[in-house]
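Here's the structure we're looking at; comments come further down.
A short reminder: the numbers here are calculations on the coordinates, not readings from a lab. These numbers come from a predicted model, not from an experiment. Here the Cβ is made from the backbone with ideal geometry for all residues, glycine too, and neighbour counts use every protein chain on show.
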Amino acid sequence: MAPTLRSLLKGRGTLKFLLPLAAVSGALTFGAPSAHALQVGNLEFADGTGDFASEVNITDPTDTFSVLFNTGANPLALVSGAGGLFVPPFAPAPPSAAVGISSALAGFTFFAPVNPFQALYTLDNDTAFTFSNGVTVGIFGGVQFLVTQGGTAVQVEVTQNFAPDLTSFVTGLPGGAVVVTAGAFTFNDTIQTTGGSYSAQVNVAREDTVPGPLPILGAGVAFGYSRRLRKRVKTAAVSA
């Protein structure tokens, strides 16, 4: 049974990976330093997963399981938020919009127990979601996830074991490369064989440098050259 909007948005994760924005100082100039314009963007989306709860056993230190994201012949992700650098190619949201997206298969391997109901698992492979507009959002292999197993459901959330730019990546946005500054990713499934759901959020930034005044050294060289040129012109006029 296809997941409903209610099920897609249910159980969104609270664990996020965050990266503070670094201050950038301008070079020594003749006047004000060059300006640095910081551009940002955000994207939120959700869709369904295949059934995976029956594969998980957090009490087994050799446990592994796999999850298929974006199921079906022509999967569609529900984009509930898009702004900044993501517009275009995404339209501003809300309202929510369905956008074509690729399927992705991810494998997970037991890493360490946390408590009787939770354990850490490592993502085995880079996992990427590519939208029909060419934008790709992905998570690097090696990132750890917190798996919570209850009597009727399994929930999985990305942890903060790496910095945001080493946790997730975004490509395909117009204007060049971006850096991931924050994000969240969670998915869940019940013991029923109806499939699960996931939700994802990612924030990015790009710093564009606006040309400023000439550096002091460059201004001095230009001034000296101009003075010598005027002298040559004056001498040539007297000789004539």
For residue 125, distant residues with modelled amide H under 5 Å away: 107, 142
Potential extension, residue 192-residue 163 segment - 0.36 nm per residue separation minus Cα distance: 6.9 nm
Pairwise label distance in nanometres, residue 40 with residue 126, each label 7 Å out on the Cα-Cβ vector: 2.7 nm
